[in-house]
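Written below as structure tokens is the structure these notes are about.
What follows draws every value from the coordinates through simple rules; no lab data is involved. Since this is a predicted model, take the numbers as computed values, not measurements. Neighbour counts are summed over all protein chains in view; Cβ atoms, including those assigned to glycine, are modelled from backbone coordinates with ideal geometry.
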Amino acid sequence: MKQCTHADALPHPEPGPLSETCPECLAEGWHPVQLRLCLTCGHVGCCDSSPGRHATGHHKESGHPVMRTFEPGERWRWCFVDHVLV
């Protein structure tokens, strides 16, 4: 089974969110779907079901490998590089 090779390098504690919603969606006048939190820097972006796919865009621009859901009651994490749940 494939594993994430980046989880051990994540900051502890995890960074706080830089915003409460996706700032790129707000700038575009869009309603974000399912928010994600970058576990390297705290950027909040929308998921791939949103028109902007800003969480994935943040990963592509920054290289930050792991995000977690920013939805209430959810705790899963995703590694963009290894394409696995962490």
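Points worth noting:
- Charge sum, other residues only, whose C-beta stays under 15 Å from GLU61's C-beta, Lys/Arg counted +1 and Asp/Glu -1: +2
- Per residue Cα convex hull volume in Å³ - calculated over region 1-69: 95 Å³
- Calculated from backbone phi, Karplus (6.51, -1.76, 1.60) coupling profile of region 43-55 in Hz, x at Gly/Pro: 4, 9, x, 7, 7, 6, 7, 8, x, x, 6, 6, 5
- Low-density loop cleavage sites - GluC sites (Glu not before Pro) in region 28-86, where at most 13 other Cβ are within 10 Å (DSSP): GLU74
- Cβ distances below 4.7 Å define possible disulfide partners, and in the chain the cysteines left without one are CYS38, CYS41, CYS47.
- Electrostatic tally near GLY52: other residues with Cβ closer than 10 Å to its Cβ, Lys and Arg +1, Asp and Glu -1, net -2.
- Net charge contributed by nearby residues that have their C-beta within less than 14 Å of THR21 (K/R +1, D/E -1): -3
- For the chain, averaging the sequence separation of C-alpha pairs within contact (under 8 Å, six or more residues apart) and dividing by the residue count gives a relative contact order of 28 percent.
- Expected 222 nm ellipticity per residue - DSSP helices of 4 or more, -39500 (n - 2.57), all of the chain, to 500: -4500 deg cm²/dmol
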